[in-house]
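These notes concern the structure reproduced below.
The values are calculated or read from the model by the stated rules, or taken from the named source; none is laboratory data. Small disclaimer: the values here were computed from a predicted structure and weren't measured. Every residue, glycine among them, receives a Cβ derived from its backbone with ideal geometry; neighbour counts consider all protein chains shown. For the accessible areas, the whole protein counts, side chains as well, though only heavy atoms, and no ligand, DNA or RNA atoms are used. Shrake-Rupley method; radii C 1.70, N 1.55, O 1.52, S 1.80 Å.
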Amino acid sequence: MSVRVILLHAAVIAALLLLQFVASDYVVLTFTRIMVLAIYALGYNILFGYAGLLSLGHAMFFAAGLYGAALGATRLGLSPPQALLLGLMAGVVLSFVIGLIALRATGVAFMIVTLMFSQAAFLTVLYFGDITRGDEGIVIADELRRFSFLGFEADLADPVLRYNLALGFLALAIAICLIVVRSRIGHVLVAIRENESRTAMLGYDVARYKLIAFVLSGAFAAFAGAAYALMFAYAGATLASIQYSIHPLLWTLLGGAATVLGPLLGTTLMFLLVDFASGFTSASLLVVGVALILLVLFFPKGILGTLRERLLPWLP
């Protein structure tokens, strides 16, 4: 891994670290949300951008982490770190089981299968409304978000702690992504994306590598969901809907699929664009749609993907 790649990603993390000292409380809250959801997009990018598998069911993994953490905290009395771990494990187990089934399909069929599983998960959340609280959602009380760690008292209601914790999680996610995409696994995933049959002919276990990408992607989504529930004290059925399967796809396409920083850039731009547009019109999604069309026309591979193709070939 080259020095400039490391410096670029370190500079992005440093810029986000310094942002909290100059930004308003609203901007800090917005970027806390952006960083948590960018982890979700980073995981989606491993499956879609590098392995070439288009999933429309990732909301179920996000929801697994979301409800695993929320129910762990409210019903099982787990501390936030334990609830976070429970949400992560729920997503890993679910993604492994679903991956064994869904990866038997390819192309459009794979997309439809993941969509069907996701809708089944969404309906399950609604059906067990007595536990999940359905559209009303689960609100995690402030006292359940306090915990001790290494002798220090922590409170997730504290915006400063919440921001820096989200930043730490994002930095860890970016580091893992860099390691994965520069490793043997990442190279094989790209080979599968470009020509699956030839990759299999070379002796690689394509099914195993696709399952690894699927589970790793699901783990990122579940971790983001669990962190979201604990940091923002809420888990609702809306966050398990098809909308939250489409979001990471749009964020990844906008920033640049198969680029490590693309999902973070796409998530940030989408949030800021929606926030800006909603300030002067109720048809904010129309403005976002027009902006996306223009970006696709001028940046067909996403912003960072197009920049890598035309100016910066060293971008990972």
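Those residues that are modelled with pLDDT of 85 or more, in a helix (DSSP H, G or I) and among the charged types (D, E, K, R), I need them from the stretch 275-316; list them, please.
Residues satisfying the conditions are ARG308, GLU309, ARG310.
I'd like to verify a number: residues in the stretch 148-161 that are out of contact with any strand residue (DSSP E or B) (no Cβ under 9 Å at 6 or more places or on another chain) and either surrounded by 14 or more Cβ atoms within 10 Å (Cβ to Cβ) or acidic (Asp, Glu) (or both), how many?
Applying the first criterion (out of contact with any strand residue (DSSP E or B) (no Cβ under 9 Å at 6 or more places or on another chain)) to the stretch 148-161 yields 149-152, 158-160.
Subsequent filtering for residues that are either surrounded by 14 or more Cβ atoms within 10 Å (Cβ to Cβ) or acidic (Asp, Glu) (or both) retains 158-159.
Residues flagged as out of contact with any strand residue (DSSP E or B) (no Cβ under 9 Å at 6 or more places or on another chain) and either surrounded by 14 or more Cβ atoms within 10 Å (Cβ to Cβ) or acidic (Asp, Glu) (or both) within the stretch 148-161 amount to 2.
So which residues in the stretch 234-251 are in contact with a Phe, Trp or Tyr (Cβ under 6 Å, 6 or more places away or on another chain) and open to solvent by less than 10 Å² (accessible area, probe 1.4 Å)?
ALA235, ALA240, PRO248
Among ALA283, ALA227, ALA257, which is the only one that is more than 21 Å from VAL12 (Cβ to Cβ) and touching a helix residue (DSSP H, G or I) at 6+ places or on another chain (Cβ under 9 Å)? First the steps, then the outcome.
Numbers: ALA227 fails: more than 21 Å from VAL12 (Cβ to Cβ); ALA257 fails: more than 21 Å from VAL12 (Cβ to Cβ).
Only one candidate qualifies: ALA283.
Only residues in the stretch 200-211 that are within 14 Å of GLY52 (Cβ to Cβ) count as the first member; pair them with residues that are outside any helix (DSSP H, G or I), Cβ under 9 angstrom, at least 6 apart or cross-chain, and list the lot.
What qualifies is TYR209/ALA51; LYS210/ALA51; LYS210/LEU53; LYS210/LEU103.
Can you pull out every residue in the stretch 53-92 that is part of a loop (DSSP other than H, G, I, E, B) and either among the basic types (Lys, Arg) or open to solvent by less than 10 Å² (accessible area, probe 1.4 Å) (or both)?
SER55, GLY57, HIS58, ARG75, listed by residue number.
Determine which single condition LEU230 fails, assuming it passes every other condition in (1) under 30 Å from GLN82 (Cα atoms); (2) open to solvent by 50 Å² or more (accessible area, probe 1.4 Å); (3) not basic (Lys, Arg).
For LEU230, the exception is condition (2).
With the structure loaded, tell me whether LEU265 is open to solvent by 50 Å² or more (accessible area, probe 1.4 Å), out of contact with any Phe, Trp or Tyr (no Cβ under 7 Å at 6 or more places or on another chain) and modelled with pLDDT under 90 or whether it fails that test.
No; evaluated as a whole, the condition is false for this residue.
Just to be sure I understand, how many residues within the stretch 233-247 are assigned to a loop (DSSP other than H, G, I, E, B) and not hydrophobic (A, V, I, L, M, F, W, C)?
The qualifying residues number 2.
Condition check: farther than 29 Å from LEU16 by Cβ and open to solvent by less than 80 Å² (accessible area, probe 1.4 Å). Does LEU170 satisfy that?
Considered against the rule, which asks whether it is farther than 29 Å from LEU16 by Cβ and open to solvent by less than 80 Å² (accessible area, probe 1.4 Å), LEU170 comes out as no.
Could you list, in sequence order, the residues of the stretch 142-156 that are small (Gly, Ala, Ser) and within 12 Å of PRO80 (Cα to Cα)?
Within the stretch 142-156, SER148, ALA154 meet the criteria.
Could you pull out the residue among ILE112, ILE185, ILE179, ILE174 that is part of a helix (DSSP H, G or I), of a type outside the set (Lys, Arg), in contact (Cβ under 8 Å) with a residue 60 or more places away in the chain and more than 19 Å from LEU29 (Cβ to Cβ)? Talk me through it step by step, then tell me what you get.
Details: ILE112 fails: in contact (Cβ under 8 Å) with a residue 60 or more places away in the chain; ILE185 fails: in contact (Cβ under 8 Å) with a residue 60 or more places away in the chain; ILE179 fails: in contact (Cβ under 8 Å) with a residue 60 or more places away in the chain.
On inspection, the qualifying residue turns out to be ILE174.
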